[in-house]
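Right, one structure below, let's go through it.
The values are calculated or read from the model by the stated rules, or taken from the named source; none is laboratory data. Keep in mind that this is a model prediction, so the values were computed, not measured. Cβ atoms come from the backbone with ideal geometry, glycine included; neighbour counts cover every protein chain shown. Protein only, heavy atoms only, side chains kept; ligands, DNA and RNA dropped before computing areas. Shrake-Rupley method; radii C 1.70, N 1.55, O 1.52, S 1.80 Å.
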Amino acid sequence: MDVARLKSIVGAQHVRDAIDELYVYGADASVHQAMPQVVVRPGSIDEIREIARYANSELIPIVARGAGSGMSGHAVPLKGGIVLDMKRMNRIIEIKPDDMYCKVEPGVVDDDLNRALKPYGLSYPPSPASSRIATIGGEIGNNASGIRSVKYGATRDYVLGLKVVLADGELVDLGARTRVEAAGYQVHRLIVGSEGTLGIIVEATLKLVPLPKFRCLSVAMFDKLEDAGESIADIIASGCEPSMLELMDDIAIKAVNTTLNMGLPEVDAIIFFEADGKVKEAIDYEITTMQEICKKHNGQITATSYDLKERTKYFSGRKKLFAALAKYKDGYACTSLADDMAVPYTKMAECARKIHEIADKYGVIMTAYGHCGSGVMHTKILMNPNDKEKWEGAKKAVEAIYDYVDKVGGVTSGEHGIALSKAPAWKKARPDLMKVMTKIKKALDPNNILNPDKLMDAPDDWYTATPIRYMIDKEKTAG
Amino acid sequence: MALENLKKWEKELNTCIRCGYCYENCHIFKLTNWESDTPRGKLILAYGMINGDIEPTEDIAKKIFECFYCRLCEAGCSAKVPVTEILTDVRQVLLDDGFDVEGTHVEVDEDKCCGCGICVSVCKPEATTLKEENGDKLATVDKVKCEACGVCTVACPSGARELKEGYEVSRKELDAKIDKFVKEKLPDDAKEKTVTFCCNWSVFPGLRLSVLPFEDKESNKTLVTMCTGRVDPEMIVQAMRDGIAGVLISACPLGECEHDANYKTLRRVLLLKKMLQQLNIEPERVKLTWVDTNEVAKLEKEINSFSEEVSKLGTVTVE
Ligand SMILES: Cc1cc2nc3c(=O)[nH]c(=O)nc-3n(C[C@H](O)[C@H](O)[C@H](O)COP(=O)(O)OP(=O)(O)OC[C@H]3O[C@@H](n4cnc5c(N)ncnc54)[C@H](O)[C@@H]3O)c2cc1C
């Protein structure tokens, strides 16, 4: 690795290769860890082009990195090489309120973009829960979606155009500024969800929508998870347009109650639903219809409000769930495994039950919650991460869950992407997709330098793909 | 090896999900933009040192000793990890292991220190003590405990204490920023220039990770001073002398200051206002306001209305 050359491209102050830097940039929010050889922070498109030309000629891997909040090892540099930290390119280039789009550099943070859009009465809505730090580049890399995607869609629905530096350093301008474009391959869409394996996004043109004037949230409690599941399926089938539809199972409820003292009723399931828009009467209609559906399935409506403070209060149990899960039991960790499957609406409740069943069978704790309005079922495996046996159980549980999800017509990842931890199950489930993706990858990155060994090229065993971040006792580590 | 002592944090370090929420508002990260300077990065380093993946180095130690203890990392943490408690322990261990590095802690100019001990009485984290040397008393700073709030730098009657340069909060750096702002040309419709001194523990508009398209065009410049208890009246007068028409100070509400220092700020501002009156300068040019951590909108409003008021007063001349 010619570090001096990289320094001459971006400036010495933007290149680091000390062990401490490499160690930190080898981790993200997944269970994986691996070290790059150097971390480079480019400041311009030209610099990125030159880095790519150099890396391509020397066959050095490049892993683009946003905030490193991916949960499956997306930005973990499995093959070493260069980590390209994109956070320096964080300018919102322009906001065009009349044309309803904006142009940003890839390092812009989602929440910052939405703060900047607010004065125009606009928003960029596919934000993931991690929007406070997640970068637009990373969100496009993952095709992120979030709490409001049930109504507003995922990142893919908002990317109008992209400027991308290809593996050989060529800069291509893809897509358009207009809402629609019927002209050839939608290559910019191909980049969405490509997890840094096809090109480096250097600029994005994003579609914007008006901020809703009102939001109304309602909460329903269920004594039976199945009833909650049926309510969700019926709400969607009824033609209602919730702007949010979330589920929490009994373990999730218990977690927030015991660790955060939330005082939620210890029922079998809670669903939170929201409607938004310009006209209150229309929102009332949506909310009432959804409430009626819940009641029909024995749900009890416990709260409804337009008021921001009250909405925040009611929703805080769901909002703080992550913290609660992390503290579920002394000595336990909340591991990101099998964390974001999507299943057909009618399978939601069954899926949640199945998750509990599988967890019991393999001796781990798993909760089911998530953006059920978009069909996404989140889980987390809660266990003592220093216990080798638990990892064995976790491995089996992950496999069993993905088998089930595949059987009912669901997908391995609805939200967080594939990268490393989900690759084995996903490869098994989608052989045709693998073939096409391999051809595309070969065409665009023949030397396999862009985030190599991810997605279809990821190792067949996630557990041994990299050292697992948790185990302090080295004897127990896998990698 | 003292690193063994850190094993007790293993469980807490395991609960960290490495989401990165901790660095959203991290002052140090914003200065350097390197992930290794984020609380997450430092916890990962601590983890690596405990499990033997990496050896402690001067570079690592320096990072660990850089923290202003605003605890915004803990407020933002998904898993409620006691970030600063862990990292303070890591400091101690590294120091015990011989890594006596320079960090964010307050510096004492021994030539100026008169050994009066006022700094000891204002230091909430008890990081300051007096030591005897050849019969003279000298103030010292405990590098592990010092939270770099800066309160002692104003309390010190001999000007012997200062926040380190390099973090954009030393007196020299703040003065330079004000100076630069004074020299900047404003758009024609902009009003008199004002400055807002913001507390690092409360809220400040600079809490952004991205660069917005139209920044720094307003007639107000917000500067983070660390605790407002370190806002020296002399700093305010200096700003006015430089050509700033008004100074707003945004502090945590009374009773909520981590350093018990906003009462001191209140007293100082009251005295300063009296002094300004004697100098025939409108006391309204200085205002102290209380803003809680989540009151972003309030701060914005306060800045706007203050700028409005000051623009009515016009420019100021300080002899
Ligand atoms: C607590 C928590 C909650 C989360 N909630 C959600 C959620 O609700 N929905 C969801 O979808 N995800 C969620 N995530 C996962 C993750 O935060 C998001 O998917 C996010 O979009 C990742 O952004 P990032 O900037 O961290 O990207 P990184 O993790 O840094 O990178 C993600 C991928 O994008 C690639 N990439 C980054 N920048 C570029 C670029 N400029 N060009 C090309 N490729 C690039 C990387 O190589 C990598 O493959 C969550 C994560 C956490 C920790």
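Against the criterion of solvent-accessible heavy-atom surface with a 1.4 angstrom probe, B:Glu10, B:Glu300 sort, most first, into B:Glu300, B:Glu10. When the accessible areas of A alone and B alone are added and the area of the pair subtracted, with a 1.4 Å probe, the result is around 4400 Å², both sides summed. Using the Karplus relation 6.51 cos²θ - 1.76 cosθ + 1.60 with θ = phi - 60°, the per-residue 3J(HN,Hα) values for region A:410-427 come to x, 10, 4, 9, x, 8, 8, x, 9, 6, 10, 5, 9, 4, x, 5, 5, 4 Hz, with x marking Gly and Pro. Would you calculate the separation in nanometres between label points at A:Val172 and B:Lys185, each defined as 7 Å from the Cα along the Cα-to-beta-carbon direction? A separation of 4.4 nm, rounded to one decimal place. Rolling a 1.4 Å probe over the protein heavy atoms leaves B:Trp34 with an accessible area of roughly 10 Å².
Take the Cα of A:Lys313, step 7 Å toward its Cβ, do the same at A:Ala282, and the gap between the two points is 3.0 nm. Within region A:25-59, the residues that become at least 30 Å² less accessible when every protein chain is included than when their own chain is isolated (1.4 Å probe; DNA, RNA and ligands ignored) are A:Tyr25, A:Ala29, A:Arg41. Roughly what angle does helix A:280-296 make with the longest principal axis of chain A, taking Cα atoms, 0 to 90 degrees, to the nearest 10? Once rounded, the angle reads 70 degrees. Taking a ≥ b ≥ c as the square roots of the Cα gyration tensor eigenvalues, region A:214-325 comes out oblate, since a/c reaches at least 1.5 and a/b does not exceed b/c. Listed cross-link partners A:Lys361/A:Lys435; A:Lys329/A:Lys454; A:Lys329/A:Lys395; A:Lys163/A:Lys309; A:Lys319/A:Lys454; B:Lys131/B:Lys274 are compared with a 29 Å cut-off, the Cα-Cα value being larger for A:Lys361/A:Lys435; A:Lys329/A:Lys454; A:Lys163/A:Lys309; A:Lys319/A:Lys454; B:Lys131/B:Lys274. Residues of region A:66-109 with accessible area at least 30 Å² lower in the all-protein-chain context than alone (1.4 Å probe)? Listed by number, the residues meeting the 30 Å² cut-off are A:Lys87, A:Asn90, A:Ile92.
Can you tell me how much longer the chain between B:Glu4 and B:Asp142 gets when fully stretched, taken as 0.36 nm per residue apart minus their C-alpha distance, in nm with one decimal?
47.4 nm
Distance from the C-alpha centroid of region B:12-58 to that of region B:227-270: 32 Å, rounded to the whole angstrom. Relative to one another, the C-alpha centroids of region A:424-462 and region A:132-194 are positioned 19 Å apart.
Ignoring aspartates and glutamates fewer than eight residues from B:Lys137 along the same chain, the ones with Cα atoms less than 12 angstrom from its Cα are B:Glu110, B:Asp111. The string of couplings for region B:241-248 from the Karplus curve (6.51, -1.76, 1.60, θ = phi - 60°) is 4, 6, x, 7, 7, x, 10, 9 Hz, one whole number per residue in order, with x for Gly and Pro. Accessible surface for chain A, divided over its residues, is 38 Å² per residue with a 1.4 Å probe. Rolling a 1.4 Å probe over the protein heavy atoms gives chain B an accessible area of 43 Å² per residue. Distance from the Cα centroid of region B:87-116 to that of region A:224-266 is 51 Å (rounded to whole angstrom). Against chain A, whose longest principal axis is taken from its Cα atoms, helix A:431-444 shows a tilt of about 30°.
Taking 0.36 nm per intervening residue step and subtracting the Cα-Cα distance, what contour gain separates A:Ala18 from A:Thr289 on full extension?
Full extension of this stretch gives 91.6 nm more.
The lysine pair count for region B:3-96, using Cα distances under 22 Å and pairs eight or more places apart or on different chains, is 17. The simple Förster model, with R0 at 41 Å and r as the Cβ-Cβ distance, assigns B:Asp100 and A:Asn448 a FRET efficiency of 0.30.
For the pair B:Lys124 and B:Glu234, what calculated FRET efficiency results from E = 1/(1 + (r/R0)^6), where r is the Cβ-Cβ distance and R0 = 25 Å, to the nearest 0.05? Plugging the Cβ-Cβ distance into 1/(1 + (r/R0)^6) gives 0.65.
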